[in-house]
Amino acid sequence: MEPNSDTDNYSPGVINRESDSEVTPWYVSGSVDYAKLIEKFGTQKIKTDLLDRLKAIIGEIHPLFESGFFFSHRDFDWILDQYQKGERFYLYTGRGPSGMVHLGHLMPWFLTKHLQDKFDSPLLFQMTDDEKFLFGQDNTMEKISQFTQENILDVIAMGFKPEKTKIIVDTKDIKSLYPLAAEIAKRITFSTAKAVFGFTNSTNIGMILFPAIQAVPCFLPSLIEERPTPVLIPAAIDQDPYWRVTRDVAEKMGYYKPSQIHSKFLPSLEQSGKMSSSKPEAAVLTTDDSETIENKISLAYTGGQPTVSMQRRLGGNPDNCPVYSYLRYLFDSPKESNERALKCRSGNLLCGECKHDLSSQSVKFLSEFQKRRENAKDRVSEFLYKE
Ligand code: TRP
């Protein structure tokens, strides 16, 4: 593992003036330059040799790796080394329940499920209801608790193995989290937290403690297994600041540094920014009915030309098209997606056709998902960390 500290050269998230984008754990805007994020955050690019290694172990490369949606990592190679030496790892991911779940949220969960199936790993899934209460000016505990209950159904509908999956709800499970949180918090200074998260004198003190709570599931597996246990975190890249502070305290506390694989964001159906559940009209929610899905997608921004004849003549721009991105990362195979891009650029594909493809695929996927989500209502207690 690298000897230098992950909290060196910090800035609170990354604000990239040239492309006018901003990435922090609570806010993502503008068009994100992912190569630059790797540089600024000091992570590693997921390269073909790493994917080849993964393929040699599990026999396949998941489309979310192949399409580059998961593009960056910390110590994923180390996790594979450990695994090949016979050491099992836990998976850890989570959700801030600030609204209903949309398609973008499912992306890291798909990969997490794939990894659980392939490596037979236990999974800790953290619902940070405290985070969303503390960070959202207008959020009440009551509202956040409702979203927590709703979001848990989505997690269960993903099909994680019940005997290997535990959902932690911070405010409910705090008794199990707090002793480790205190150990972690004691080792992070306010000055580090300010530098990493951009906290100021007007930040409420709940938020200042919170990063210690999100760090806990990185070490909890070591307590459960009663020996240092590797943990792999699939998450969107905006969560990286949390893992940097966690990695800095890990070895001092006798644990392994948690490894990460980082995803891009699924864009909003509007022009820029990531899909956000606080803007429901710009996101396809897992609970939307087919009419709503079709309607939202029909209104989506695209990389196309203003008229059909211009599109035929000039071609469209899939690089700046949420409809193309959704199809690429959720439904098309990498090969289909590349063909779609070629046809679009050459003017042989119209936005209406892509929207139609996305609508019908989304309706098909979500109607199955909604059945599993409905069944999940009777299964919640099976998945909770503690009763
Ligand atoms: N902070 C995350 C959010 O706002 C929730 C979260 C907690 C999480 N632990 C995690 C996400 C681990 C990914 C991995 O959504």
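Worth a mention:
- Taking the helices alone, the chain has a mean residue ellipticity at 222 nm of -15000 deg cm²/dmol, built from -39,500 (n - 2.57) per DSSP H run of at least 4 residues and averaged over all its residues.
- Global size of the stretch 97-195: 15.4, 41 Å for Rg and Dmax (C-alpha atoms, Rg to one decimal, Dmax whole).
- Solvent exposure of the stretch 205-322, expressed per residue, is 39 Å² of accessible area, with all protein chains present and a 1.4 angstrom probe.
- As computed over the chain, the Cα convex hull volume per residue (Å³): 143
- About its Cα centre, the dipole of the stretch 192-296 is roughly 620 debye, where the only charges are +1 on Lys and Arg Cβ and -1 on Asp and Glu Cβ.
- Of all accessible heavy-atom area on the chain, the percent that carbon and sulfur account for (1.4 Å): 50
- Proximal aspartates and glutamates relative to Lys161, as straight alpha-carbon distance under 16 Å, when same-chain residues fewer than 8 apart are discounted: Asp117, Asp120, Asp378, Glu382
- Sorting 197-209, 144-156, 348-360, 298-310 by their mean Cβ neighbour count within 10 Å, with the most densely packed peptide first, gives 144-156, 348-360, 298-310, 197-209.
- Leading residue at positive end of dipole, the chain (Cβ point charges), from Gln149, Ser333, Phe133: Ser333
- Among the listed pairs Lys118/Lys143; Lys40/Lys296; Lys113/Lys175; Lys47/Lys132; Lys335/Lys355, those beyond 25 Å (Cα-Cα): Lys118/Lys143; Lys40/Lys296; Lys113/Lys175; Lys47/Lys132
- Radius ratio Rg over Rh of the stretch 248-387, counting only Cα atoms, Kirkwood formula for Rh: 1.11
- Each of Ala185, Ile205, Ala56 was placed along the dipole of the chain (beta-carbon charges, centred on the mean Cα), and the one lying farthest toward the positive end is Ala56.
- Sorting the segments 162-168, 240-246, 67-73 by their mean number of nearby beta carbons within 10 angstrom, highest to lowest, gives 240-246, 67-73, 162-168.
- Average Cα contact separation per residue, the chain, under 8 Å, 6 or more apart, as relative contact order %: 20
- Between the stretch 297-357 and the stretch 225-249, the alpha-carbon centres lie 37 Å apart.
- For the stretch 38-87, the solvent-accessible area of protein heavy atoms averages 49 Å² per residue (probe radius 1.4 Å; ligands and nucleic acids excluded).
- C-alpha center-to-center spacing [the stretch 102-133, the stretch 31-100] in angstrom: 14
- Cut-off under 5 Å, modelled amide H: who pairs with Gly94 long-range: Gln126
- Net charge dipole, the chain: roughly 320 debye, given to the nearest 20, about the Cα centre with Cβ charges of +1 for Lys and Arg and -1 for Asp and Glu.
- Shape analysis of the stretch 43-89 based on the Cα gyration tensor places the equivalent ellipsoid semi-axes at 18, 13, 8 Å, largest first.
The values are calculated or read from the model by the stated rules, or taken from the named source; none is laboratory data. What you see is a predicted model, and the numbers here were worked out from it, not measured in a lab. In this analysis, Cβ positions are derived from the backbone assuming ideal geometry, glycine residues included, and neighbour counts consider all displayed protein chains. Side chains included, ligands, DNA and RNA excluded: accessible areas come from the protein's heavy atoms. Shrake-Rupley method; radii C 1.70, N 1.55, O 1.52, S 1.80 Å.
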